[in-house]
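Working notes, beginning with the structure itself.
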Amino acid sequence: MEWNVSSSRKADALGPAVKGYASRDTFLALADSYLPKNLTRRDLMLADRQCYLPDDILAKADRMSMANGLEIRPVFLDPRIARFSERYSKTHTELFSNKEILKLSLRRILGDHYKAPKKQGFSIPVHLWFRTKLKDLAGDLFHSQVVKDSGLYNQQELLKLWQMHQDRKQNLGFELWGIMVALLWYKNIKSQSF
């Protein structure tokens, strides 16, 4: 089973209003427009510390821990660790790639027999949702006039992607999620027109 839809397939599903944006990677397009050309690792770490951590990762961790009555302490945000990272990341870049410094530290504490576990994410079961709980909502939306009116998607190609997902030929839940949210946003904006 394939896990991602090809870039050309995604481009085919775009409508006339956004077709011109399909040829570029979104991050690179934004970086070209908004970021200086000579970014350093330190600049990126600062951006993470000022934006991504407080506005995304830590906000989610805080909400989930409070919702479940847990008190958590993100240990890697200890000021001593942050200062260490700032000080040495520029001169010892090899230690900050692939969490090498963390692996070396754990080996020192736990011994040479320590083997790092395989990375696990905390993804939502979006592939399943589009085959169960969200199937009717998304299916109705993708078949509706809203798709054509928005100009965001080629309805015929979108329905092919939808069917591929339903037939379990590909897991396209994350792509379908973005499409559904964009269409619901458009539908909401259109209903509030002045």
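Listed here are the residues, each with its yes/no results for (1) closer than 30 Å to Ala82 by Cα; (2) part of a helix (DSSP H, G or I); (3) modelled with pLDDT of 95 or more; (4) of a type in the set (A, V, I, L, M).
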residue: Asp112; (1), (2), (3), (4): yes, no, no, no
residue: Lys133; (1), (2), (3), (4): no, no, yes, no
residue: Asp140; (1), (2), (3), (4): no, yes, yes, no
residue: Trp185; (1), (2), (3), (4): no, yes, no, no
Quiz item: If you check Arg49, Arg73, which single one turns out to be among the basic types (Lys, Arg), surrounded by fewer than 11 Cβ atoms within 10 Å (Cβ to Cβ) and at pLDDT 75 or above?
Solution: Arg73
Exercise. Quick one: Ile124 ticks every box in (1) out of contact with any helix residue (DSSP H, G or I) (no Cβ under 8 Å at 6 or more places or on another chain); (2) surrounded by 10 or more Cβ atoms within 10 Å (Cβ to Cβ); (3) over 30 Å from Lys19 (Cα atoms); (4) among the β-branched types (Val, Ile, Thr) except a single one, so which number is it?
Key: (3)
Quiz item: Can Gln156 be described as in a loop (DSSP other than H, G, I, E, B), surrounded by fewer than 17 Cβ atoms within 10 Å (Cβ to Cβ) and of a type outside the set (Lys, Arg)?
Solution: no
Quiz item: Considering only residues of the stretch 76-110 that are touching a residue at least 40 places away in the same chain (Cβ under 8 Å) and part of a loop (DSSP other than H, G, I, E, B), which is surrounded by the most Cβ atoms within 10 Å (Cβ to Cβ)?
Solution: Ser89
Self-check item: Every pair of residues 6+ apart whose Cβ atoms lie under 8 Å, when the first sits in the stretch 142-163 and is more than 23 Å from Ser191 (Cα to Cα) while the second is in a loop (DSSP other than H, G, I, E, B) and open to solvent by 20 Å² or more (accessible area, probe 1.4 Å)
Solution: Leu159/His143
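The values are calculated or read from the model by the stated rules, or taken from the named source; none is laboratory data. All of these numbers come straight from a predicted model, not from anything done at the bench. All Cβ positions, glycine included, derive from the backbone under ideal geometry; neighbour counts span all protein chains shown. Side chains are part of the model used for accessible areas, which takes the heavy atoms of the whole protein and leaves out ligands, DNA and RNA. Shrake-Rupley method; radii C 1.70, N 1.55, O 1.52, S 1.80 Å.
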